[in-house]
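Let me begin by presenting the structure, written as C-alpha cells, before commenting on it.
Laboratory data are not the source of any read-out in this text; all were calculated from the coordinates shown. All values derive from a computational prediction rather than experimental measurement. Cβ placement follows ideal geometry from the backbone for every residue including glycine, while neighbour counts extend to all protein chains displayed.
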Amino acid sequence: MTANKLILGDNLEILKTIESETVDLIYLDPPFFSNKVYEVIWGDEGEKRSFEDRFAGGIDHYINWLKNRVRQMHRILKPTGSIFLHCDWHASHYIKTQILDDIFGRNYFKNEIVWCYKSRPQSKKYFGLKHDVIFFYSKSDDYTFNWKEVVRPLSDASISKYRLKDEDGRLYRLQGRGIKNSPIRSSKDVAVEWEISNPELVKRDYLDEKIGVALEDWWVDIDAMNQNSNEMIGYPTQKPEELLKRIIECATNEGDVVLDPFVGGGTTVAVADKLNRKWIGIDQSVMAIKVTDLRLKKRQDELFSNPYEVRIPTYDLSKLEKEDGKKFEIFIVEKFGAIPNLKGGKDLGIDGHTDFGTPIQVKKCKKPVGRATLDEFLTAIRRDNKFLFDKNKKEGQVCGFIIGFEFSKDIINEVSKLKNSEDIIIELKYIRDIIPYENPPKVKLSAQELENYRYKFEAKAESVSGIDFYSWDFSHDEKEFKVDVGMDKEGVQEKKFPEGEHNVAVKATDKHGLSGMDKIKVKVKKK
C-alpha cells in the first residue's frame, strides 16, 4: 500500500492489508477506556459501531480489542520504526504490561512520556488530573531517534553566560578545572587573563555550537488545545500540532511513512504532510475522514502540496462513469483480484486474466451488456488460449468472466444455453458485487436576502444512506472548494457580504462518505 491515503473503515481490517515492515512511525491516540458516551464525538454510524465494539465488555474486552490492532501495527513497522501510544489513567497500566510489553518486548520500551497541560479544572475530591501518558517503544535496537531535532532552546539565563568574544566576534564562555571558583564569572578581563595563564585547564565553549538542551520524558511546554486556538476544528479530544511535530521529527526523517490508525481530527496526517513525510490515516467515522480531508484542502498561509487519496468503501457512481475506459478496466480487474492487461491500444477483447489464466472482459457502458458482447468474447477467449479454453470446457471450469453494471435478458439466457448445450461456462459478474457504489447526494442550494448585505442560505440534499453533514465555501472560485464552515448538521447558514458578485457553494456528505455539491451566485447591492 502506498502512502498519503485517508481510509474509511475498521482499522483492524485495513491494517491487515498493509504490507509488513513498510511504516516508519505509528502514533495512535485510541479512544480512552472511560466507558463514556461522550467519546462518540462525530455521532455517525461508524463511530457508534466502534464505540459499541470496544465497550461490549469490561477492561479485558477493551484490552483485547486494542491488542489485536497493536499486533498488526508491530507487523507493519520497519525494524527501524517505533510506536507512540497515547493514553490516560483509565487503562495506561494495562496497556503497558498486557499489550506493549507483550508484543514489543520490555527491552524495547524507551520512555513513558508524561505530557502535562494547564487547561484542566482542579478537583476538590482528589488531585487534579492534568497529564496524559505517551508510551514510546521501538521495534529493534536500531531505531530512528533524532534527539537534536527536538531539543529545548537555551534559556536567557544560559545565553547570558556567554559574555566573551573571540577575534571573529563569536560569543563563548570558558569551561574547565578551577573555573567554578575563579573570579572570571564577574570580570571579562580576568577571564581573558585566566585563559592565557591556564591553557591546559580551560577550553572555549561557543554559543553558536550549542543546539539546545536534550528533552526529558516530561513535557510541560506544550499545552492542551483551547477554544481560542487557530488550530481548533471543533474536535473535543484534538491534540496540538506542536505535540505531533515533536514526535514525528524525533522518530522519522523526511520521506518516511507515518501511520495514524485513529485519525480523528487529522492532526497527525496534517503535521506529517507539513513536515514532508508520507502518511496513512485510518478511521471508522465518515465525519473524521471528511473533516481531515477538508483540513488538508483548506487554504492556509502554508499550502499543503503533497497529493493524497481518499478511500471509502462505497464508490461514487458518477465518478466511476466518468473514468477513462482503460483505467476503469484496470481498476475493476484489480478489485476482482485478477491481473489486468496493461497494454495500450487494442486489447483484442481481453482486459485481464485470473491467476489461473482465465480471460476477463470489463464493460463500462451504462446500458445493459447484450448478446453481441458474448459472441465477441467467445471468439476472443478461443484466440487468447485455445488449450486453456478446451481444458476448462472439458473439466467444467469457468472459461471466461464478463464484468458489467447490468446484463440484458438475452445474454443471461444465452449464457445458460452455452452451459447446458456446449459445456461452456461464462460467468457474468456484476460490478456491484465487486465494489459497492452509489450515486452521490443530490443537492439544491437556495438563497434569501434578509436585509442589506445579509443572506440566508439553505441546502436540501437527498441520499439513500442519509446526510451526515454540510460544508460551505462562501467565495467559491470554480477550481477549489475552500471550507469556510464545516460540520454543519442543518444545512442552513447566514452570511453578510460586501457589495459585488459572490459565488457560494455547499457540499453535502452522506453516511457512506460520498459528497454532492451545488452552488449559487448572489449579486449584492445596497438598496
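Observations on the structure shown:
- Magnitude of the charge dipole for region 405-456, about its Cα centre and with charges confined to Cβ atoms of Lys, Arg (+1) and Asp, Glu (-1), is about 380 debye.
- A straight line joining the Cα centroids of region 423-469 and region 489-513 runs 16 Å.
- Beyond 15 Å, the tail of the calculated P(r) for region 248-289 holds 35 percent of the Cα pairs.
- Dipole of the chain [Lys/Arg +1, Asp/Glu -1 at C-beta], most positive-end residue of Asn392, Ile134, Val524: Val524
- Proximal charge balance of Asn111 [Cβ under 11 Å; K/R count +1, D/E count -1]: -2
- Global geometry of region 318-434, whether rounded, prolate or oblate, following the gyration tensor of its Cα atoms and the 1.5 cut on a/c: oblate
- Total formal charge among the other residues, if their Cβ is under 12 angstrom from that of Pro441, Lys/Arg +1 and Asp/Glu -1: -1
- Test item: Cα-centred dipole of region 379-527, Lys/Arg +1 and Asp/Glu -1 on Cβ, debye: 260
- Net charge of the neighbourhood of Glu501, taken over other residues with C-beta under 11 Å away and scored Lys/Arg +1, Asp/Glu -1, is +2.
- Overall form of region 71-120 per C-alpha gyration tensor (a/c, 1.5; a/b vs b/c): prolate
- The chain: relative contact order as a whole-number percent, Cα under 8 Å and 6+ apart: 13
- Listed residue pairs exceeding 22 Å between alpha carbons, taken from Lys297/Lys479; Lys290/Lys521; Lys278/Lys519; Lys327/Lys391; Lys327/Lys419; Lys366/Lys386: Lys290/Lys521; Lys278/Lys519; Lys327/Lys391; Lys327/Lys419; Lys366/Lys386
- Backbone geometry of region 139-150 corresponds, through the Karplus equation with coefficients 6.51, -1.76 and 1.60 at θ = phi - 60°, to 3J(HN,Hα) couplings of 8, 8, 6, 9, 10, 7, 8, 8, 5, 5, 6, 10 Hz, x marking Gly and Pro.
- Shape category assigned to region 403-452 from the gyration tensor of Cα positions, a/c cut at 1.5: prolate
- Exposed-loop-free span, longest in the chain, where chymotrypsin sites (Phe, Trp or Tyr not before Pro) count as exposed if DSSP calls them loop and at most 16 other C-beta atoms lie within 10 Å: 146-303
- Percent of C-alpha pairs per 20 Å bin, the chain, short to long: 17, 38, 31, 11, 3, 0
- Counting only Cβ charges, +1 for Lys and Arg and -1 for Asp and Glu, the dipole size of the chain around its Cα centre is about 700 debye.
- Region 54-100-region 121-173 distance, computed between alpha-carbon centres (Å): 28
- Among the trypsin sites (Lys or Arg not before Pro) within region 409-481, those in coil by DSSP and having at most 16 neighbouring Cβ atoms inside 10 Å are Lys479.
- For region 437-524, projected area of the alpha-carbon convex hull averaged over all directions, nm²: 5.4
- Relative contact order [Cα under 8 Å, 6+ residues apart], region 318-434, whole percent: 23
- Mean ellipticity per residue at 222 nm, deg cm²/dmol - from DSSP H runs of n ≥ 4 across the chain, formula -39500 (n - 2.57): -7500 deg cm²/dmol
- GluC sites (Glu not before Pro) within region 200-284: DSSP coil, no more than 14 neighbouring Cβ in 10 Å: Glu200, Glu216, Glu254
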